[in-house]
Amino acid sequence: GAVVSQHPSWVICKSGTSVKIECRSLDFQATTMFWYRQFPKQSLMLMATSNEGSKATYEQGVEKDKFLINHASLTLSTLTVTSAHPEDSSFYICSAAAGGPGETQYFGPGTRLLVL
Amino acid sequence: AQTVTQSQPEMSVQEAETVTLSCTYDTSESDYYLFWYKQPPSRQMILVIRQEAYKQQNATENRFSVNFQKAAKSFSLKISDSQLGDAAMYFCASHYGGATNKLIFGTGTLLAVQP
């Protein structure tokens with residue numbers, strides 16, 4: 001149980017285009033989903049927290065107009081990187097948690113984004 | 001501010017031996033949760049073990065166990081009978097506390113397993 005999928009697993013796009021990444025909890029309802037960014041050989045950096053039906057909460061320094069997050073249902077959250085630039089190239093990981101504070105986050109397999 | 005510190009950037013262990021990865025954290029919360037996650041080369045984050053701070057008993061999951069010292073704010077991970085498949089980056093994480101599931105991660109320890 002507790003499987004989280006992410007699609008696509010990798011994407012290459014041209015500078016200036018937008019890219020959408022989907023995160024789905026397959027066998028449980030996720031009250032909260034998280035989006036992280038990870039640079040090579042570094043830890044995970046939390047970008048934002050999203051709760052179903054409400055606006056995402058962004059971490060300090062993360063541009064909410066650039067990284068649009070939608071959490072339309074208890075099993076789906078999307079991250080859209082708008083007007084992507086080469087510096088947005090990174091590994092993006094989502095996670096999902098059910099229940100109250102302290103519940104385990106289950107992670108998706110990640111999406112590798114390369115902006116040319 | 002809450003912090004999680006992993007002081008060992010890299011560790012190495014012989015197959016079948018035991019290794020301990022260190023983690024210390026700082027929090028002002030009285031009720032919180034601690035986690036160890038494993039990230040193999042595939043980069044899929046996998047939960048290894050979860051500890052509830054109000055429980056004195058150390059969590060165990062098969063060959064993985066923790067030494068949770070609440071007063072010292074220490075949360076080390078012990079891997080017994082190490083296997084080649086244990087080679088990965090290991091991240092310690094602390095729950096932010098309060099009405100949130102947010103985690104703060106340490107910088108990670110890269111574990112190599114020698115055959």
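The values are calculated or read from the model by the stated rules, or taken from the named source; none is laboratory data. Bear in mind the structure is a predicted one, so any value in this text is a computation, not a measurement. Cβ sites come from the backbone with ideal geometry, for glycine too, and all protein chains shown count toward neighbours.
Quick look at the numbers
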| read-out | value |
| --- | --- |
| Region A:31-40 - residue that is closer than 14 Å to B:Q39 by Cα and not in a strand (DSSP E or B) and, of those, farthest from the other protein chains (Cβ to nearest Cβ) | A:F39 |
| Residue count, region A:41-79 (criterion: part of a loop (DSSP other than H, G, I, E, B), closer than 17 Å to A:Y106 by Cα and among the hydroxyl-bearing types (S, T, Y)) | 2 |
| Test: residue in region B:33-40 that is buried (at least 21 other Cβ atoms within 10 Å of the Cβ) and part of a loop (DSSP other than H, G, I, E, B) | no |
| B:S74 vs. criteria modelled with pLDDT of 95 or more and either over 19 Å from A:R37 (Cα atoms) or loosely packed, with under 14 Cβ neighbours inside 10 Å (or both) | yes |
| All positions within region B:12-50 that are more than 20 Å from A:L44 (Cα to Cα) and at pLDDT 95 or above | B:S12, B:V13, B:Q14, B:E15, B:A16, B:E17, B:T18, B:V19, B:T20 |
| Meets criteria (surrounded by 15 or more Cβ atoms within 10 Å (Cβ to Cβ) and more than 12 Å from every other protein chain (Cβ to nearest Cβ)) for B:S28 | no |
| Members of region B:41-69 found to be within 12 Å of B:A93 (Cβ to Cβ) and in a loop (DSSP other than H, G, I, E, B), listed by number | B:M45 |
| Residue list for region A:80-116, filter: of a type in the set (A, V, I, L, M), over 17 Å from B:F35 (Cα atoms) and assigned to a strand (DSSP E or B) | A:V81, A:I93, A:L113, A:L114, A:V115 |
| Any hit, region A:78-95, residues being small (G, A, S), within 14 Å of chain B (Cβ to nearest Cβ) and touching a Ser or Thr at 6+ places or on another chain (Cβ under 6 Å) | no |
| Hits in region A:13-53 - residues which are within 13 Å of the chain's Cα centre (by Cα) and among the charged types (D, E, K, R) | A:K20, A:E22, A:R24, A:R37 |
| Filtered residues of region A:2-30 (kept if within 12 Å of chain B (Cβ to nearest Cβ) and either surrounded by fewer than 16 Cβ atoms within 10 Å (Cβ to Cβ) or at pLDDT 95 or above (or both)) | A:V3, A:V4, A:S5, A:Q6, A:S9, A:W10 |
| B:P115, sole failed condition from (1) touching a helix residue (DSSP H, G or I) at 6+ places or on another chain (Cβ under 7 Å); (2) surrounded by 20 or more Cβ atoms within 10 Å (Cβ to Cβ) | (2) |
| Hey, A:A56 within 20 Å of B:G106 (Cα to Cα), within 14 Å of chain B (Cβ to nearest Cβ), modelled with pLDDT under 95 and within 15 Å of the chain's Cα centre (by Cα) or not | no |
| Qualifying residue in region A:70-88 (condition: over 24 Å from B:A93 (Cα atoms), touching a residue at least 24 places away in the same chain (Cβ under 8 Å) and in contact with a helix residue (DSSP H, G or I) (Cβ under 6 Å, 6 or more places away or on another chain)) | yes |
| Selection count, region B:4-32, where residues are under 19 Å from B:P115 (Cα atoms), out of contact with any Asp or Glu (no Cβ under 6 Å at 6 or more places or on another chain) and assigned to a loop (DSSP other than H, G, I, E, B) | 3 |
